[in-house]
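The values are calculated or read from the model by the stated rules, or taken from the named source; none is laboratory data. No experiment lies behind these values; they were computed from the predicted model shown. Here the Cβ positions follow ideal geometry from the backbone for every residue, glycine too, while neighbour counts run over all protein chains shown.
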Amino acid sequence: MRRLWPTTVRARATAGASLVVAVALALASFALLGLLDANLLQNAESDAERQAATVAQLAAAGELDHVRPPTHGADFIQVVDAHGRVLSSSANLVGAPPLAPAPPEPGTSYHTWFVEPVSGEHRQRVVQVTTDTPDGLVAVYAGTSLRDVDAADTTTATALAFGVPLLLAMVALVTWRVTGRALRPVEAIRAEVAEITDRDLHRRVPVPDTRDEIARLAATMNATLDRLESSGVRQRRFIADASHELRSPITVLRTQLEVALAVQDRELWPGLIGGALEDVERLQQLAADLLLLARIDAAQPVAAVPLDLSELVGDAVRSRRGDRVPVHTRLEPGIAMTGSHLWLARVVTNLVDNAQRFADRRVDVVLRADGGRHGRTAVLEVVDDGPGIVAADRERVFERFTRLDDARSRDHGGAGLGLPIARDLTAHHGGTLTAEDSPQGARLVARLPVQPAAPTD
């Protein structure tokens, strides 16, 4: 059965529609034939029953001699007593045997018989009316031909036999054409997508001007291609930037090692090896940052646990000893949230590292909670007294490998990944990280959703 069932959507839609219509037409045809036959039969019975009732009244009054010949609506009349004797009949049944003896009880019943010699090729609908007379029970039989009923049934059945297949074929043809026209844009979309490779992500599928589900599908496909193209561009830019960033420390490290190898004076080796170790440390930090960015981009899940954000920020700042610029904190206690302790601590570390890199004498870290009892937000501000960030560059600083002062950043050991990592980690926790106005220096503000405050007694 699976092999016989159509494999294309167009064929399946046509087969399904044809099957449904075929079943509906079959049921409708049977219902039509049944209603037509019942209606015609009822009309025939009413005429015969009326004449049978008239004759039964004459028989009950003992006036069978006054029975008139059957009129329109009845082909014959016959009156039979309980012993099977014919008491009266119409001219076309003179000498014919009784149809049946009178039943033992009065009443009316209906039969369909072939009655000789009046039936011919058509059946007779016989109405039997049994009544009580002075001489006992008699049965009055009045019959009417079903030739009109048979003719109507034959004509209707013939019309349906030819009409239903034609209508079914028309439904199948219309469904096939309409489905093909509806699926034509889908085929165009499929053909275009099949030709798109990783080098052709700029191409887009055609969007039909129909404003239906297929048009929305094409628009969604184009939006997906937009995201794929943007992702590919970011990936290529990231690889190029990473290669550029890795090239410099590797080149310097190689130069230092070659110099150390060429220098014969052992007293100079500690300085050369120390410089090489600094470059190795820089490479190690850069590799760790690149790995973290890859994990963030891959949206790998991180175990989230309830934590005290105030305590986390305090611990991250206190662990920094011997920094060039002191860090001053103002932390509101008891700010609770759910997240990754490691990643949130990395956010604090990166923000403080960035502030200390450009600060002159002071770095301030402020943590407070904003909002009401429901939907509170933790606001973490890191402010330095350095040169600051101009308004035009407040978004650029969050781009990967971006340094506003390239030479100065290299001297301070920055690779342009600290703030992008901090923003990505903040967004991973449902928050935001922005550079905002400050009277002096730079002001970076992270906003994180926190748990509602506990009710007080």
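Brief remarks follow.
- Hits in the range 47-99 (condition: free of Cβ contacts under 8 Å to residues at least 40 places away in the same chain and either within 60 Å of the chain's Cα centre (by Cα) or at positive phi (or both)): Gly84, Gly95
- Residue check for Pro165: outside the structural domain of Asn222 (by TED's automatic domain parsing) and within 30 Å of Asp65 (Cα to Cα): no
- Number of positions in the range 370-395 that are of a type in the set (A, V, I, L, M, F, W, C) and surrounded by fewer than 17 Cβ atoms within 10 Å (Cβ to Cβ): 3
- Long-range neighbours under 9 Å by Cβ, at least six apart or interchain, first residue not assigned by TED's automatic domain parsing to the domain that holds Ala82 within the range 104-117, second modelled with pLDDT under 80 and of a type in the set (Gly, Ala, Ser): none
- Qualifying residue in the range 193-201 (condition: modelled with pLDDT under 85, within 22 Å of the chain's Cα centre (by Cα) and under 25 Å from Val20 (Cα atoms)): no
- The range 23-76 - residue that is among the β-branched types (Val, Ile, Thr) and more than 18 Å from Pro106 (Cβ to Cβ) and, of those, surrounded by the most Cβ atoms within 10 Å (Cβ to Cβ): Val67
- Tally of residues being in a helix (DSSP H, G or I) and either in contact with a helix residue (DSSP H, G or I) (Cβ under 8 Å, 6 or more places away or on another chain) or under 11 Å from Pro185 (Cβ atoms) (or both) across the range 206-246: 10
- Val379 being in contact (Cβ under 8 Å) with a residue 60 or more places away in the chain and among the aliphatic types (A, V, I, L, M): yes
- Taken as a whole, the range 404-427 holds no residue that is of a type in the set (A, V, I, L, M, F, W, C), over 42 Å from the mean Cα position of the chain (by Cα) and at pLDDT 85 or above.
- When every residue of the range 341-349 is checked against the conditions, at least one turns out to be out of contact with any helix residue (DSSP H, G or I) (no Cβ under 7 Å at 6 or more places or on another chain) and either over 18 Å from Val450 (Cβ atoms) or part of a helix (DSSP H, G or I) (or both).
- The residue of the range 260-307 that is modelled with the lowest pLDDT, among those that are in a loop (DSSP other than H, G, I, E, B) and among the aliphatic types (A, V, I, L, M), is Ala299.
- Taking the criterion of being farther than 17 Å from Arg447 by Cβ and part of a strand (DSSP E or B), the only residue of the range 365-396 that qualifies is Asp384.
For every residue, the table says whether it meets (1) outside any helix (DSSP H, G or I); (2) closer than 30 Å to Ala31 by Cα; (3) within 27 Å of the chain's Cα centre (by Cα).
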| site | (1), (2), (3) |
| --- | --- |
| Thr156 | no, yes, no |
| Val164 | no, yes, no |
| Leu167 | no, yes, no |
| Val171 | no, yes, no |
| Trp176 | no, yes, yes |
| Ala182 | no, no, yes |
| Val186 | no, no, yes |
